[in-house]
Amino acid sequence: MSKQNSAETRERLVEAAAHTLRTEGYAGTSARTIAKAAGCNSALIFYHFGGVDPLLLAALDRSSQERMTAHREAVAGAKTLEDLVEAATGIYRADIEGGHITLFSELVGASIARPELRKEIVARADPWIVFVEETLERVIGGSPLAKLMPPRELAYAAITFYLGVNLFTHLDADRTRTESLFNLAGRLAPRAKLLTMRFPRRKPNPPTGDRSV
């Protein structure tokens, strides 16, 4: 097998794995179903990736890389909490439509019965926590809100909330209840403006013995 053919086969398998996991779920994903979608022999999954789970993780990595690039662009211009809520709403809708959260959620669910997946999932969640923390630090760092709710803790809360919201979306067929949460955040963000303002530091008083004559 030439290098070009090998790369093309890996690409087809990654795309087929992502499609199968989104449409069939983890329970319905196997070497056979992925190979059928890719139009190749199932033995190639083990040859190129060593098994089904490593292939599924490769599919998640591909999706995460694409989404991270898009998300960084989405929040790049955010200067206020209102901007961030607007960006987060757009990100949520794009992730639902694109199926990224389905990939992640299916593998999180699988890790309950397959402990060997947990370490891999945690390692892939960490960059997202860092991304959210850095974004919050840039927008609200140094403000009263950041002192009350440090960006690191807010990042953990945001990722937990976001995953939970997207999981619940599968039960909320018309998305009215999940959309209402983002609408609520949009109404609250302007009211938190005072907490996100960075006040200038007070200049220290000069020493008593250094008064001018």
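The values are calculated or read from the model by the stated rules, or taken from the named source; none is laboratory data. Computed from a predicted structure; not experimentally measured. Note that we place each Cβ from the backbone using ideal geometry, even for glycine, and neighbour counts take in every protein chain shown. Keep in mind that these areas ignore ligands, DNA and RNA; they rest on the heavy atoms of the full protein, side chains included. Shrake-Rupley method; radii C 1.70, N 1.55, O 1.52, S 1.80 Å.
Within region 151-166, being of a type outside the set (Phe, Trp, Tyr) and within 13 Å of the chain's Cα centre (by Cα) holds for 155, 157, 158, 159, 160, 163, 164, 165, 166.
For residue 94, the criteria (1) within 25 Å of residue 114 (Cα to Cα); (2) within 19 Å of the chain's Cα centre (by Cα) hold in every case but one, which is (1). List the residue pairs whose Cβ atoms are under 6 Å apart, where the first residue sits in region 21-48 and is free of Cβ contacts under 8 Å to residues at least 40 places away in the same chain, the second is of a type in the set (D, E, K, R) and open to solvent by 50 Å² or more (accessible area, probe 1.4 Å), and the two are 6 or more positions apart or on different chains. That search, which allows pairs on different chains as well, returns 38/12; 42/32.
Candidates are the residues of region 168-201 that are open to solvent by less than 80 Å² (accessible area, probe 1.4 Å), in contact with a helix residue (DSSP H, G or I) (Cβ under 7 Å, 6 or more places away or on another chain) and over 23 Å from residue 149 (Cα atoms); the one that is modelled with the highest pLDDT is 178. Of all the residues in region 67-81, those that are in contact (Cβ under 8 Å) with a residue 24 or more places away in the chain, assigned to a helix (DSSP H, G or I) and charged (D, E, K, R) number 2. Taken over region 121-143, residues that are at negative phi and over 9 Å from the mean Cα position of the chain (by Cα) amount to 16. Considered as a group, the residues in region 1-52 that are part of a loop (DSSP other than H, G, I, E, B) and polar (S, T, N, Q) include one that is least open to solvent (accessible area, probe 1.4 Å), and that residue is 29.
Residues in region 79-110 that are open to solvent by 30 Å² or more (accessible area, probe 1.4 Å) and small (Gly, Ala, Ser): 5 in all.
Filtering region 128-142 to residues that are surrounded by fewer than 18 Cβ atoms within 10 Å (Cβ to Cβ) and either hydroxyl-bearing (Ser, Thr, Tyr) or in contact with a helix residue (DSSP H, G or I) (Cβ under 9 Å, 6 or more places away or on another chain) (or both) leaves 129, 130, 131, 134, 137, 138, 141.
Checked against (1) among the aliphatic types (A, V, I, L, M); (2) under 20 Å from the mean Cα position of the chain (by Cα); (3) at pLDDT 75 or above, residue 148 meets all criteria but (2). Among the residues of region 53-78, those that are of a type outside the set (Asp, Glu), open to solvent by 60 Å² or more (accessible area, probe 1.4 Å) and over 16 Å from residue 20 (Cβ atoms) comprise 65, 69, 72, 76. Of the residues making up region 87-114, just one is modelled with pLDDT under 90 and under 14 Å from residue 139 (Cα atoms), namely 88. From (1) free of Cβ contacts under 8 Å to residues at least 40 places away in the same chain; (2) under 30 Å from residue 53 (Cα atoms), pick out the condition that doesn't hold for residue 167. Unmet condition: (1).
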